[in-house]
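This report concerns only the one structure given below.
Any read-out appearing in this document is the output of simple, stated calculations on the displayed coordinates, not a laboratory observation. Not measured: the values here are computed from a predicted model. In this analysis, Cβ positions are derived from the backbone assuming ideal geometry, glycine residues included, and neighbour counts consider all displayed protein chains.
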Amino acid sequence: MRCEIVVRGLLSETLLAAFPTLSAEAHGAETVLAGTLADQAALYGVLAQIEALGLELIEVRRTHS
Amino acid sequence: MSRTRVGVVDAASPGAPGLVARRELFDVLDRALSGRVTVVSAPPGSGKTFLLRSWLQQAEPGLRVAWVSLDRGESDAQRFWLSLVGSLRDGVGDNSFVEKLTPSPEFDGFALVEHLVSDLDSLDEQVVLVIDDLHELNSADALAQLELLLARLPHALHLVLVTRRDPPLPLGQLRLAGDLTEIRAADLRFTLEEARELLDAAGIQLSEGALATLHERTEGWVAGLRLAAIALAEHPDQEQFVAEFSGTERTVADYLLTEMLDRQPADVRTLLLRTSVLERVNGPLADLLTGGTGSERILQNLEEGNSFVAALDAGRSWFRYHQLFADLLRLLLRRADPGRVDELHQAAARWYADHAEIVDAVRHAHAAGDWPQASRLLAEHMPGLLLDGEGETLRALLAGFPPDAVSADPELASVFGADQITRGSLEGATAYFDLAERQAPRLPDDRRRRLKWTIAYGRLLVARRRGDLDGALDGGWADFLSEPQTPGEIEFGQKFGQKLRALALLNLGIVELWSGQAEAAEEHLEESLELARRLELAYVEVGSLAHLGAAGYIRSPALARGRCEFAIARAEAHGWRSEPIVGIALVTLGAIELWSGNFDTAENWLDRADQALRPEAEPATALLLRYARGLLHCGRGRHEQALREFSAADHAPTLFVPSQVLTLRTRGYLLQTRARLGDTAAARSAYAEMSDEDRRWGEAHAALAVIELAEGNAEAAAEAVAPVLEGTAPVTGASSLVDALLLDAIAQNQLADAQAVAVDIERALEVAEPDGLVLPFVMSGVRDLLERHPRHNTAHAALLTDILDVLGGSTSRRRQGERAPMVDELSDGELRVLRFLPSNLTAPEIGGELYVSPNTVKTHMRHIYAKLGVHRRTEAVDRARELGLVGPSVRRR
């Protein structure tokens, strides 16, 4: 399952270490985390990380490639 | 220290820094108290806990508060409720409202909530119950139980739920009724004015412009402003700091935390980074991880000046970091020193293991990926974890192992097996024990020995649940129990050995009791009781007492009654009112009352037993309960209902093999009841299906006699019971002989042999007298024969009167009589001693039963005599009987 997750702000290398399976790309004042997640449980795991680190979630979308 | 935290946590830091008085929100919270529930729901770092803490600090001093903070990922319902009950006891102030609760392997959260609600319903003054970090509650059971509490919320309780996410609880009804107050992220954001106040308190003076920039950049997010305050305090150019911060798009917390850390002295930075792997930290543990000294002082300084470090105890020795702060620190540690993370977890695991905090030790061993260490710790401490009711925690820890770990690790397999038993999967448990046994040769001697007994104990439990009594006793336990303790065991595994010994003795005793070996059962149960008292194992103590009560029944109902009532009193002292382990004591008390003809009292005990028992956990006791209910219906002449209970008791679960005594009695009464209801054909064919061995017994003979009588064959009935009367057919107990005698009396009456009737009745009274058996006379329908029995010519006039009273529907006489006023005058201790007086136990022996000194017993006896106005023990027993304080007519010759 390929996903893109958009969060507010630019993520430092330190923060990105929390998402080892995802790649990050800055878009203006937002960061797009993208990658393949095993299933819904993996997605919720990433969302919980985002919440725990006090990040602001803007968008989650599934992509096809 | 315990892993659960209660109210003191937050009282510990009265001067916690940076508490901004948020008047408007305080007003919202004040007004919320007129409703039932407040929900504070917002992302981490929004200042939820700070808001409540500062509100409570300025609240009127009389406001009573109970505060529970959840641990990360709390998955154990029992631990959640234990900490909640603990904080309520502290918060309510008057302990009589909330009973003390001891962890139990048989915890039932729903029953606890019911009790809690009924206890707190009588509370007048309001108590605010704060549940902080509710989002960490990761137990579906606990959430369902919380939902129950919410549905039945006592009026005096105001519930405050603090969470990162809206809780999965039905709050709609409360919202509609105006009983719900919600405080959300937007409400919690600091205003510009509040931001100024925060910085002022930290001694930071920013220009108006810089302040506005900082407020805008953080969007009033409280954690951001607090981090900024700490970083700014150390920064040489504060205006520049704000300008740089607002010029970057980096996330607020990350940027500010890095800035803040950069400004700390090296030892503080190292301490914060390395101890971030811990859920909570104290000085010695921090010294260990940093290799330094004086960490406690650093932690205390941090707590005073840094709102992200909080003390957990009043003595300020344990601390925990704000979760967001800790999560960011961990990421920084991984980046700065990736090679060290496993090492830190391993060191923490060893420290916790040395300090007997096994759950924390295992968690850190997991985090380090040190699976062998984690499984060895679990195997070594499993008896203690199970006794402390940590079953759910154990399950969560097991889930943390990689899926293939168990196949090559016999100790881990044995723990998985134990977990399967608590889940009720006996097949699963057996498969794991088999696996563990196959892999056992891998282990060194001492660990192999421990594994052997762990597996033996597991198999004992499996066999007990199945009712496979022979299998249960076939574990070679004599070796383990008689084995002298090796120095090695005393040094390192003593607790394991002793706790396992106590558990094994209890379960052996239970199995022996059910296989009819009452003496062996009493011996083992007395040993387990002694060990339980020495090691303070409440669960084993109560279980031993309750089963000792049942075991003593055959010898003396008075002894059984004393022990059962004491078992129930001990259970209640631990807050256990409906744990399955006391079920046997409740059923036994019910049976004692039942056989004495006190049907109403019996029904009360049996109802309580119904609530306590979980049939899958205590199959033998569950069958006994059905059997007792059947008898109760018989005593009241409700044969249809009796038939249902006896049939259910007769159809035991497939894997369960009930004891012969119970089978014979149940089957016997089942046939009798069928015949009394007129279905003699069914009764006859059921009789024909009985095995030759079963038909040898007096219970079968009595059943056949009832069938013959129902069909009008008096002579055949007399023939059927003749071998019982002659003593050639064995009986399972005195009551069965009484049954046979009364059936013969009915038959002889129909055959017009008045003298034989009188002999039978007199002999039945004589056999019934020692145990005060009234029920057989009521069940057999011999009222007219008893009324004709010459009272001047019987040696058992008192019992005869009792029986006729019950038959006449009167329960008022000496049974219920003057009970109430007298009970008040005797203390609980005196009542307990009084229950034992009809037995032939000496004062020191009674002391042994009640675990008090002989002198205390003698003092109680003196007070009892004075209060009852008597001078001797026999007089006291007679008087107590008249008052209905002890069972009627239980006379020993």
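Measuring nothing but how far apart in sequence close Cα pairs (under 8 Å, 6+ apart) lie, relative to its length, the range B:579-728 scores a relative contact order of 15 percent.
Counting, for every residue in B:322-328, the Cβ atoms of other protein chains within 10 Å of its Cβ and taking the mean gives 3. Cβ crowding within 10 Å, taken as a proxy for footprinting-reagent exposure, orders B:Thr275, B:Thr728 from fewest neighbours to most as B:Thr728, B:Thr275. Computed over the range B:375-484, relative contact order equals 21 percent, with contacts defined as Cα pairs under 8 Å that lie 6+ residues apart. Each peptide among B:589-596, B:381-388, B:25-32 gets the average number of other Cβ atoms lying within 10 Å of its residues, and from highest to lowest they stand as B:589-596, B:381-388, B:25-32.
When we measure straight from the Cα of B:Lys499, which lysines land under 22 angstrom away, once same-chain ones fewer than 8 places off are left out? Within the straight-line limit of under 22 Å, B:Lys499 reaches these lysines: B:Lys452.
Counting Cβ atoms of other protein chains within 10 Å of each residue's Cβ and taking the mean over peptide A:23-34 gives 1. Assuming charge only on the beta carbon of Lys and Arg (+1) and of Asp and Glu (-1), the dipole of the range B:513-566 about its Cα centre is about 200 debye to the nearest 20.
Placing +1 on the Cβ of every Lys and Arg and -1 on the Cβ of every Asp and Glu, with no other charges, gives the range B:35-148 a dipole of roughly 480 debye about its Cα centre. Look at the dipole of chain B built from charges on Cβ: of B:Thr856, B:Gln750, B:Ala617, the Cα furthest out on the positive end belongs to B:Gln750. The residues B:Asp760, B:Asp90, B:Asp739, when put in order of fewest to most other Cβ atoms within 10 Å, stand as B:Asp90, B:Asp760, B:Asp739.
Which of the listed residues, B:Thr213, B:Leu148, B:Leu176, is farthest toward the dipole's positive end in the range B:105-222, when Lys, Arg count +1 and Asp, Glu count -1 at the beta-carbon? Checked the options; the winner is B:Thr213.
Overall, the protein assembly as shown carries a charge dipole of about 1120 debye about its Cα centre when +1 sits on the Cβ of Lys and Arg and -1 on the Cβ of Asp and Glu, all other atoms neutral. For the peptides B:202-212, B:401-411, the ranking by mean Cβ contacts within 10 Å, running from highest to lowest, is B:401-411, B:202-212. Ranking of B:Phe97, B:Phe319 by neighbouring Cβ atoms within 10 Å, starting from the fewest: B:Phe97, B:Phe319. Beta bridges per DSSP, both residues in chain B: antiparallel share near 20 percent.
For chain B, relative contact order (Cα pairs under 8 Å, six or more residues apart, normalised by length) works out to 7 percent. Determine the calculated [θ] at 222 nm for chain B from helices alone, applying -39500 (n - 2.57) to every DSSP H run no shorter than 4 residues and normalising by the residue count; nearest 500 deg cm²/dmol. Calculated mean residue ellipticity at 222 nm is -19500 deg cm²/dmol.
Shielding by partners for peptide B:244-256, expressed as the average number of C-beta atoms from other protein chains within 10 Å of each residue's C-beta, is 4.
Simple rule: put +1 on each Lys or Arg Cβ and -1 on each Asp or Glu Cβ in the protein assembly as shown, find the dipole, and look at B:Phe107, B:Val341, B:Gln439; the Cα lying farthest toward the positive end is B:Phe107.
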